[in-house]
Ligand SMILES: C[S@@+](CC[C@H](N)C(=O)[O-])C[C@H]1O[C@@H](n2cnc3c(N)ncnc32)[C@H](O)[C@@H]1O
């Protein structure tokens, strides 16, 4: 937007006539015409006085909070002309500009906003645009995770006993992969990880020992929309063998960029009668040996500097707390990883546990122990 000199005073051209197409949508996201938004910012920035700048920003805010008909998004608008933003974040950025004490400060905030709209800055392992990091308030960064309700949308129908909440792979995939990356789940179960991969545009490969479970999982994964044309494959096999390697090779892929492991928590749930099943290991030592073999297989397939996540809980045996989580942590550490985080996640209350709550409380008081309310998500980076 150009500023024109007229009669000794600077007079600005009127704001761009390009409409600021607008579409209020789910998740508090708005789709704006990138160029129209940039034009408005440039126009505001061309002001020499704070009053003019504030007036422009107020107008922009109004277009966002109560769009006129002409500002509405036309559905056939090409995607690359649109920018998808969190409405509340954008509004707070505009408020920050309005509240700035000096015009220099206001222009600094404007420039920062403009930069975040014109360019992207992402790291090597995910698609988080660091220039707009405030937009990602749904991505957890604390080591205590509490999900009051499991995500039951789409194909996440929670039919499998021993599955994990979809929010776990969701968080890990967003944090540790880019679109088009490959994710390996060696204990795929009902395919929660693969469903999430498909949703987020990542390719997923899962290995599950029990063929009946594999079949049902495959069916459900296929029901999940595949807007990003991701490849999702679940195969029947023992994760200590090379089933995943072969399946990946068929896609011309040698390495994956994230491994998510959710093994049986020893024998807490017996998943089958199969002796290759980690839940049939018989004792903790054998369980850890088998787990270690799976880690080794997965490690050979994981790209250097990428992440491996283990989701695991502890157990009680003969009145003693068996720290499976810490034992598994040790197994991974023996195999060339650095520890990045130990996340503690709440255990949701199942109906069975709710019904027996008082009984467990009594037993805990008598036995001198605490009732399990958490599990771990252990995060490692391959050296
Ligand atoms: C805790 S569950 C995983 C659940 C999964 N995350 C989900 O959301 O459905 C562990 C799974 O590992 C499988 N399993 C056990 N031993 C295995 C092995 N050696 N190779 C592959 N899968 C195995 C079990 O059949 C079970 O489905």
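Expressed as an acute angle from 0 to 90° and rounded to the nearest 10, what is the orientation of the C-alpha long axis of helix 357-367 relative to the principal long axis of the chain? Tilt of helix 357-367: around 60 degrees. Modelled label positions at residue 120 and residue 68, each set 7 Å beyond Cα in the direction of Cβ, lie 3.3 nm from each other.
Between residue 254 and residue 229, what FRET efficiency follows from the Cβ-Cβ distance if R0 is 25 Å, with the result rounded to 0.05?
E between residue 254 and residue 229, to the nearest 0.05, is 0.75.
Give the calculated FRET efficiency between residue 304 and residue 374 to the nearest 0.05, with a Förster radius of 35 Å applied to their Cβ-Cβ distance. Please list the in-between numbers first.
On the way: r = 31 Å, r/R0 = 0.89.
With R0 = 35 Å, the Cβ-Cβ based efficiency is 0.65.
Each DSSP beta bridge with both residues in the chain is either parallel or antiparallel, and the antiparallel ones are about 60%. Please give the helix 324-333 orientation as an angle from the longest Cα principal axis of the chain, in degrees from 0 to 90, rounded to the nearest 10. For helix 324-333, the angle is close to 70 degrees.
Relative contact order of the range 144-382: what whole-number percent is it, with Cα pairs under 8 angstrom and at least 6 residues apart?
On the way: 443 pairs, mean separation 42.9, N = 239.
So the answer I get is 18 percent.
Taking every eigenvalue of the Cα gyration tensor of the range 306-381, multiplying by 5 and rooting it, what semi-axes result, largest first, whole Å?
Result for the range 306-381: semi-axes of 30, 14, 8 Å.
By the compact-protein rule of thumb, 2.2 N^0.38 Å, the alpha-carbon radius of gyration of the range 144-382 corresponds to a ratio of 0.99. A Förster radius of 25 Å combined with the Cβ-Cβ distance from residue 112 to residue 29 puts the calculated FRET efficiency at roughly 0.75. Relative to the longest principal axis of the chain, what angle (0 to 90°, nearest 10) does the C-alpha long axis of helix 87-99 take? Orientation of helix 87-99: about 40 degrees from the principal axis. Evaluating kT/(6 pi eta Rh) at 25 °C and 0.890 mPa s, with the Kirkwood radius of the range 168-237 over Cα pairs in the Stokes-Einstein relation, gives 212 µm² s⁻¹. Could I have the simple spin-label model distance between residue 46 and residue 321, label points 7 Å from Cα toward Cβ, reported in nm to one decimal? About 6.6 nm separates the two model spin labels. Label positions at residue 246 and residue 269, each projected 7 Å from the Cα along the C-beta direction, are separated by 2.7 nm. Think of it as helices only: each DSSP H run of n ≥ 4 in the chain is worth -39500 (n - 2.57), and spread over all residues that comes to -11500 deg cm²/dmol at 222 nm.
So how much slack lies between residue 354 and residue 147, counting 0.36 nm per residue of separation and subtracting their Cα-Cα distance, in nm?
Values: separation 207, 0.36 × 207 = 74.52 nm, distance 1.70 nm.
Stretched fully, the residue 354-residue 147 segment lengthens by 72.8 nm.
A short reminder: the numbers here are calculations on the coordinates, not readings from a lab. Keep in mind that this is a model prediction, so the values were computed, not measured. Here the Cβ is made from the backbone with ideal geometry for all residues, glycine too, and neighbour counts use every protein chain on show.
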